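Working notes for the structure below.
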């Protein structure tokens, strides 16, 4: 019997503003910290705290890793297969 695979990770996509923030990261430590946070979010897209707001569109969520000093604002698509990062703070 073949080994069972775990749940699929969500794909990470970046908004235009988050992509610009990503381009401006130069510190290896900041890139590593952000990478760790994105892995956590891709494994469990619901891990972030919901941010109250308009219910017409997808719900904006906030994930904060205080050890790595990373904050990511994102939303998840309906099928939970894609996480769109809207804002990065490292």
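The values are calculated or read from the model by the stated rules, or taken from the named source; none is laboratory data. Predicted model, so just to flag it, every value in this text is computed and none were measured. All Cβ positions, even for glycine, are placed from backbone atoms using ideal geometry, and neighbour counts span all protein chains on display.
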Which ones in the stretch 23-46 are at pLDDT 95 or above and touching a helix residue (DSSP H, G or I) at 6+ places or on another chain (Cβ under 8 Å)? 34, 40, 41
Output for the stretch 56-65, where each listed residue is farther than 18 Å from residue 27 by Cβ and at pLDDT 90 or above: 60, 61, 62, 63, 64
